[in-house]
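Remarks on the structure that follows.
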Ligand SMILES: [Zn+2]
């Protein structure tokens, strides 16, 4: 049955980075406090009939505020793989943290696919807690509310097919309404995990990332990813520089910037 589905190309494109240490990325530290930088990505799912942007990143202003290195705008990053943000019709937002949902003015035509629960989370009682709202940008949250009033938000509750071969799945954990995306490719089912697993070591060593709303749901999310992806090599982590190291570059020009994650990794160690 799956064979009848259209296959998609999938691009992971880096737009920012930050220096960090290994101990910052795991609840259970293994005490090797070695450098472990973090990459910031947007993704593009490209089919014959339509393209789907996954997440819209943050802008230079937010980068300066949070001391992140903004290498290029997400729109410029997407342009490098042939996506015109101005014309994008479909944007899937994995969640509403600042590094995933900014720059909406650069995607003026797009419908936004978002878990209903995430909007409730980002505008509800837990935002009274500084430690939880810290990862949100009030401007970006407000922009999504504006998009809602402009008929541009498509709410998902749980699982939904966005197009044949593309489904979104609520997992929660990191934020209450986080969703992952499963995409049909020539090599089978690939899962864009976004922040359901920031790094490969979070899921494969079962060691959760410390920015977490519900640890139990984050651990369940790892199980969901395992169930949805055809193999560990079909999982695309949300912030891991290994994505660019493991998967083939989209082109010679985009080496170290954009990877084709619909293709098999070149190596996996
Ligand atoms: Zn993130």
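The values are calculated or read from the model by the stated rules, or taken from the named source; none is laboratory data. Here the structure is a predicted model, which is why all the values come from computation and not from measurement. Heads up, the Cβs are rebuilt from the backbone with ideal geometry, glycines too, and the neighbour counts pull from every protein chain shown.
When the residues of segment 172-186 are filtered to those that are more than 13 Å from the chain's Cα centre (by Cα) and closer than 15 Å to residue 236 by Cβ, the one that is farthest from the ligand (Cβ to nearest atom) is 184. Under the condition of being buried (at least 21 other Cβ atoms within 10 Å of the Cβ) and either within 16 Å of the ligand (Cβ to nearest atom) or assigned to a strand (DSSP E or B) (or both), the residues counted in segment 79-102 number 12.
None of 64, 4, 12 is touching a residue at least 24 places away in the same chain (Cβ under 8 Å) and at negative phi except 12. Quick check, is residue 76 assigned to a helix (DSSP H, G or I) and either in contact (Cβ under 8 Å) with a residue 60 or more places away in the chain or touching a helix residue (DSSP H, G or I) at 6+ places or on another chain (Cβ under 9 Å) (or both)? Considered against the rule, which asks whether it is assigned to a helix (DSSP H, G or I) and either in contact (Cβ under 8 Å) with a residue 60 or more places away in the chain or touching a helix residue (DSSP H, G or I) at 6+ places or on another chain (Cβ under 9 Å) (or both), residue 76 comes out as yes. Please enumerate the residues belonging to segment 31-47 that are assigned to a loop (DSSP other than H, G, I, E, B) and in contact with a strand residue (DSSP E or B) (Cβ under 8 Å, 6 or more places away or on another chain). 33, 34, 36, 37, 47 - these are the residues of segment 31-47 that are assigned to a loop (DSSP other than H, G, I, E, B) and in contact with a strand residue (DSSP E or B) (Cβ under 8 Å, 6 or more places away or on another chain). Among the candidates 152, 125, the residue that is modelled with pLDDT of 95 or more and surrounded by fewer than 12 Cβ atoms within 10 Å (Cβ to Cβ) is uniquely 125.
Of note, residue 219 does not satisfy the criterion of being free of Cβ contacts under 8 Å to residues at least 60 places away in the same chain and over 24 Å from residue 117 (Cα atoms). There is at least one residue in segment 48-62 that is within 14 Å of the ligand (Cβ to nearest atom), touching a strand residue (DSSP E or B) at 6+ places or on another chain (Cβ under 9 Å) and within 17 Å of residue 148 (Cα to Cα). Against the criterion of being touching a strand residue (DSSP E or B) at 6+ places or on another chain (Cβ under 9 Å) and either surrounded by fewer than 23 Cβ atoms within 10 Å (Cβ to Cβ) or closer than 15 Å to residue 198 by Cα (or both), residue 4 does not qualify.
Taking the criterion of being crowded, with 19+ Cβ neighbours inside 10 Å, more than 16 Å from the ligand (Cβ to nearest atom) and closer than 15 Å to residue 157 by Cα, the residues of segment 103-122 that qualify are 112, 113, 117, 119.
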